[in-house]
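Comments concern the structure below.
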Amino acid sequence: MTQKILEIQNLTVSFDGFKALNQLNFSMEFGELRVIIGPNGAGKTTFLDVITGKVQPTVGRVLFKGRNLQKMPEHKIARLGIGRKFQTPRVYQNLTVKENLDLAANQNKNVFSSLFSRPRASEQRQVSSLLETIGLMAKADLPAALLSHGEKQRLEIGMLVAQSPDLLLVDEPVAGLTDEETENVGKLLLALAESHSIIVIEHDMEFVRQIARKVTVLHQGSVLCEGSMDDVQNNPRVIEVYLGT
Ligand code: ADP
């Protein structure tokens with residue numbers, strides 16, 4: 001059996017007896033781009049919280065590249081290669097686009113040494129290539145504060161990638177974006193999926209259709225079904241959950 005990048009076995013997370021996740025099983029191959037959908041309260045955020053170590057399983061386990069993450073602190077899990085992007089962009093507004101990326105690429109150094117020491121040529125190449133990938137080369141020297149919301153989302157995704165994670169967790173990257181910005185974020189995630197494993201949580205079904213090869217539907221803390229977007233959209237149980245019929 002080939003090793004999975006992520007394997008979640010029989011995962012239950014209880015908050016004061018309420019099961020936010022309930023005997024959930026999930027696995028993902030290296031290099032997959034997986035989209036997770038589900039109505040409000042389905043357990044999507046808790047699912048990401050457990051993978052990153054913010055919340056501990058009550059029962060069950062999470063294996064990342066075969067390694068059990070149980071009781072591991074968040075920073076150690078991040079160092080193992082899991083990066084998370086939250087819904088709202090968290091960029092440094094007063095730094096330029098390039099400085100934001102430099103800083104992310106040098107996470108383990110302090111702010112002053114990474115901003116004022118001369119970067120190595122390999123780091124410079126990595127940042128240039130990232131600027132190209134996120135489509136912000138022309139804005140490299142502008143303060144991040146001047147970017148549109150969509151550009152900030154792309155910058156933050158770039159900052160995540162600069163930390164070289166194997167698995168990217170991306171939470172609602174297109175909430176509040178225009179159609180054009182949504183499409184750009186979709187293209188970026190598809191480009192990154194060439195070399196990364198990615199989990200995206202998303203509500204915008206048009207966007208899910210743009211990027212998804214395989215979709216997992218969560219409902220009441222468990223996996224309701226998995227498959228292509230067409231399979232999922234035509235599944236009577238999914239229709240029932242979304243339309244409440
Ligand atoms: P989603 O992201 O799919 O909307 P969540 O993972 O945020 O779902 O929440 C799943 C369920 O768990 C919800 O009913 C929510 O109220 C509950 N929940 C989440 N976090 C906590 C917590 N820290 N304490 C108590 N209940 C929680």
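Structure summary
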{"read-out": "In range of the label at Thr2: residues from the range 66-104 whose backbone nitrogen is under 18 Å from the point 7 Å along Cα→Cβ", "value": "66-67"}
{"read-out": "Residue order for Phe64, Phe86 - accessible surface, 1.4 angstrom probe, largest first", "value": "Phe86, Phe64"}
{"read-out": "Size of electric dipole in the range 161-225: Cβ of Lys, Arg +1 and of Asp, Glu -1, about Cα centre, debye, nearest 20", "value": "340 debye"}
{"read-out": "Cross-link partners of Lys44 among lysines (Cα-Cα below 26 Å; sequence separation of 8 or more within a chain)", "value": "Lys4, Lys19, Lys54, Lys65, Lys71, Lys76, Lys85, Lys152, Lys187, Lys214"}
{"read-out": "Residues Arg90 and Asn68, FRET efficiency given R0 of 30 Å [Cβ-Cβ distance, rounded to 0.05]", "value": "0.55"}
{"read-out": "FRET efficiency, 1/(1 + (r/R0)^6) with R0 30 Å, evaluated for Ser164 and Phe18 via beta carbons", "value": "0.20"}
{"read-out": "Antiparallel %, DSSP beta bridges [both residues in the chain], to 5", "value": "55 percent"}
{"read-out": "Pairwise label distance in nanometres, Glu206 with Glu123, each label 7 Å out on the Cα-Cβ vector", "value": "4.1 nm"}
{"read-out": "Net dipole in debye of the chain [+1 Lys, Arg Cβ; -1 Asp, Glu Cβ; about Cα centre; nearest 20]", "value": "1060 debye"}
{"read-out": "Approximate spin-label separation Asp179-Phe30, in nm, with each point projected 7 Å along Cα-to-Cβ", "value": "4.0 nm"}
{"read-out": "nm² value of the averaged projected area, convex hull over the Cα atoms of the chain", "value": "14.3 nm²"}
{"read-out": "The chain - mean residue ellipticity at 222 nm from DSSP helices (-39,500 (n - 2.57) per run, n ≥ 4, rounded to 500)", "value": "-10500 deg cm²/dmol"}
{"read-out": "DSSP-loop trypsin sites (Lys or Arg not before Pro) across the range 1-56, with at most 16 other Cβ within 10 angstrom", "value": "Lys54"}
{"read-out": "Lys/Arg +1, Asp/Glu -1 at C-beta; the chain dipole; positive extreme among Leu103, Ile199, Gly38", "value": "Leu103"}
{"read-out": "Percent RCO, i.e. relative contact order, over the chain, from Cα pairs under 8 Å lying at least 6 residues apart", "value": "27 percent"}
{"read-out": "Under 12 Å, Cβ to Cβ, from Ile77 - net charge with Lys/Arg +1 and Asp/Glu -1", "value": "+4"}
{"read-out": "Percentage, to the nearest whole number, of Cα pairs in the range 79-214 over 20 Å apart", "value": "42 percent"}
{"read-out": "Loop-located GluC sites (Glu not before Pro) in the range 158-245 whose Cβ has at most 14 other Cβ within 10 Å (DSSP)", "value": "Glu194"}
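The values are calculated or read from the model by the stated rules, or taken from the named source; none is laboratory data. None of the values given here were measured: they were computed from a predicted structure. Don't worry about glycine lacking a Cβ; one is built from the backbone with ideal geometry, like all the others, and counts go over all protein chains shown. Ligands, DNA and RNA are stripped out before the accessible areas are found, and what is left, the full protein with its side chains, is counted by its heavy atoms. Shrake-Rupley method; radii C 1.70, N 1.55, O 1.52, S 1.80 Å.
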